[in-house]
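A.B. asks: I'd like to ask some things about the structure below.
Read-outs throughout are calculated quantities, based only on the coordinates presented, and are distinct from any laboratory measurement. Just so it is clear, the structure is predicted and the values come from calculations on it, not from any experiment. Backbone-built Cβ (ideal geometry, glycine too); neighbour counts: all protein chains shown.
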Amino acid sequence: MRSFLKSTFFLLLLLCVLALILNVPAPFKVAAQQATGSVPTVTSSPSGPFITVIYEDQINVRSGPSSQKYPLIGVLLSGQTAPALGRSISGDWILIRYPGVPGDVGWIFSNYVSISPGAVLPIVEAPATPTPATTPTIDPTVVAALITPVPPTRLPTFTPPGPLLIPTYESPGAQTGGSVPMGLVIVLLGLIGGFGALISFLRGR
């Protein structure tokens, strides 16, 4: 009899516990809060002018429109495209969008690329040329040691020549007075010599 009562009591206790559990309200479920504002969406940029590399090899991208004044900042491969932003004043260089460098822009030589049909590029002024990090200086003592001094030499002085004296000869016929002309003397001596030679020839016969 006692065991029956204990079983009955235990059963009633269990039923009470189950009744309490069933009467407990379900826990409040918190719903995730929905965003009330507009969520931005990523949209592609509108299409615009672009360039295509037509050179067989890669081309250089520089920080300005000159291969001597501006440093190299990257390259573009053959067939690669890039948005075109402008053109230099001379028209030889094109400004393109080139991410990853200061300002995300670069300059390429126009002869190596083709521009999309109908593209009209605005004129863009060239950026300031970069200043060198160090200015080379020359030590004057080193220069003086390497340069061999050349002693100064006096230039020869020019002495003008003296006056040119041209000798003059007087003609024998120009003599005046009672003197015998030299030509006549020579003729007479010739005749005397010939006459003497004739006499000597006759005596020898």
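A.B. asks: Mind listing the long-range amide H neighbours of residue 98? Cut-off is under 5 Å, sequence gap 5 or more, other chains count too, H placed in the peptide plane at 1.01 Å from N.
C.D. replies: Distant-sequence amide H within range of residue 98: 105, 106.
A.B. asks: A further question follows. Quick one: which residues, 5+ away or cross-chain, put their amide H under 5 Å from the amide H of residue 86? H built at 1.01 Å from N.
C.D. replies: Counting only residues 5 or more places away or on other chains, the set is 95.
A.B. asks: What is the set of long-range amide H partners of residue 78 at a cut-off below 5 Å, with H atoms built 1.01 Å from backbone N?
C.D. replies: 58
A.B. asks: How do the peptides 76-89, 154-167, 184-197, 110-123 rank, highest first, by the average count of neighbouring beta carbon atoms within 10 Å per residue? Please list the in-between numbers first.
C.D. replies: Working: 76-89: 16.3, 154-167: 5.4, 184-197: 10.2, 110-123: 12.7.
Highest to lowest by the protection proxy: 76-89, 110-123, 184-197, 154-167.
A.B. asks: Whole-Hz Karplus ³J(HN,Hα) for segment 53-62, in order, using 6.51 cos²θ - 1.76 cosθ + 1.60 and θ = phi - 60°, x for Gly and Pro?
C.D. replies: 6, 9, 6, 5, 10, 5, 10, 8, 10, 10
A.B. asks: Still on this structure, please answer the following. Would you work out if segment 50-115 is rounded, prolate or oblate? Take a ≥ b ≥ c from the square roots of the eigenvalues of the alpha-carbon gyration tensor; rounded if a/c is under 1.5, else prolate when a/b is larger than b/c, oblate otherwise.
C.D. replies: Here segment 50-115 falls in the rounded category.
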